1. So, with a 1.4 angstrom probe, what is the percent of accessible area on the chain that is carbon and sulfur?
2. Roughly what angle does helix 180-192 make with the longest principal axis of the chain, taking Cα atoms, 0 to 90 degrees, to the nearest 10?
3. Calculate the length of the line joining the C-alpha centroid of the range 75-123 to that of the range 143-166, in whole Å.
4. Mind listing which trypsin sites (Lys or Arg not before Pro) in the range 46-152 are in a DSSP loop and have 13 or fewer other Cβ atoms within 10 Å?
5. Compute the accessible area per residue over the chain, keeping the other protein chains in place, probe 1.4 Å, unit Å².
6. Can you sort HIS152, HIS111 by solvent-accessible area, 1.4 Å probe, largest first?
7. Regarding the chain, what are the three Cα extents along the principal axes, ordered largest first, in Å?
8. Excluding TYR148 itself, what net charge comes from residues whose Cβ is under 9 Å from its Cβ, given Lys and Arg +1 and Asp and Glu -1?
Amino acid sequence: MKRVLLTGASGDVGTRLRKLLKPIYPELILSDIRTPGELGPDETFVPADISKFNEVANIVQGVEGIIHLGGFSVEGPWETILNANIIGAYNVYEAARQAGVKRIIFASSNHAAGFYPREKTIDTDVTLLPDTRYGLSKMFGEGLASLYAYKHGIGSLVIRIGNVGDRPLDKRRLSIWLKTEDLVKLIRIGLEKPDLLFEVAYGMSDNKRAWWDNSRAESLGYQPEGKSEDFAEAVLQAEKPSSDPVAAYYQGGPFCSDEFDADFERLKKLTS
Ligand code: 15L
């Protein structure tokens with residue numbers, strides 16, 4: 001595969017990925033609503049607002065695969081989530097279908113299933129429990145990937161991403177950290193593995209404290225290199241005691257406690 005489109009190219013994850021993907025997909029096309037900083041002479045950028053179908057139709061022309069990161073990447077007002085993440089993801093899949101694109105990577109999030117307690121290990125077949133409107137939009141995107149796979153034969157790898165960065169930022173992220181190079185490995189499986197229809201992988205590295213069973217990804221050939229445990233001592237030393245019991249209990253952390261007004265003790269009893 002040569003001509004691959006990266007949406008959300010100006011965001012944090014998109015910026016990290018750009019440099020690593022260019023040598024693999026020489027005709028990489030970057031797109032975002034904002035122009036990326038420091039665009040290299042060998043980089044191609046085409047602006048698009050993914051909430052507008054005609055703009056998406058323009059950027060998908062002639063591409064073989066799409067890495068769809070674009071959208072709003074944290075909790076936000078309904079209108080924002082609706083336009084950027086729900087309508088945006090729909091536009092990407094529908095424009096891809098019309099243009100004959102064969103493969104899509106959908107960047108989902110751990111927040112599509114954030115309301116599982118940290119003591120529970122979940123696999124990729126769990127009932128999704130979104131912790132925010134943002135997580136709910138990712139659940140929609142996962143459904144969209146499945147619909148376009150089964151109805152139109154477009155292969156999708158859904159990557160339920162933990163937290164991408166150079167290192168795990170705190171205790172919670174020791175369980176969900178994803179080294180950028182490992183995200184590239186997952187993307188390559190999703191775009192290049194023959195006969196892939198619809199698969200879900202957790203976007204995490206080789207984390208000793210993981211809450212997720214990623215055996216499906218491993219059976220597709222995923223061999224992560226990052227080990228969050230290498231950072232554990234420093235991370236735990238810097239960790240401050242939590243004053244947010246809801247965030248500390250659930251995998252989604254502060255995304256769960258944001259706007260939370262249920263009876264936490266009752267909820268714990270009902271779900272344990
Ligand atoms: C996400 O989905 C966000 O995009 C990212 O900014 C982090 O907050 C991450 O989840 C997380 O769970 O830490």
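1. So the carbon and sulfur contribution to the accessible surface is 51 percent.
2. Approximately 50 degrees, to the nearest ten.
3. The two parts, judged by their Cα centres, are 8 Å apart.
4. Passing sites in the range 46-152 are LYS120.
5. Roughly 47 Å² per residue, with all protein chains present.
6. Descending order: HIS152, HIS111.
7. 52, 37, 36
8. +1
The values are calculated or read from the model by the stated rules, or taken from the named source; none is laboratory data. Quick caveat: nothing in here was measured; it's all calculated off a predicted structure. Every residue, glycine among them, receives a Cβ derived from its backbone with ideal geometry; neighbour counts consider all protein chains shown. Only protein heavy atoms, including side chains, enter the accessible area calculation; ligands, DNA and RNA are left aside. Shrake-Rupley method; radii C 1.70, N 1.55, O 1.52, S 1.80 Å.
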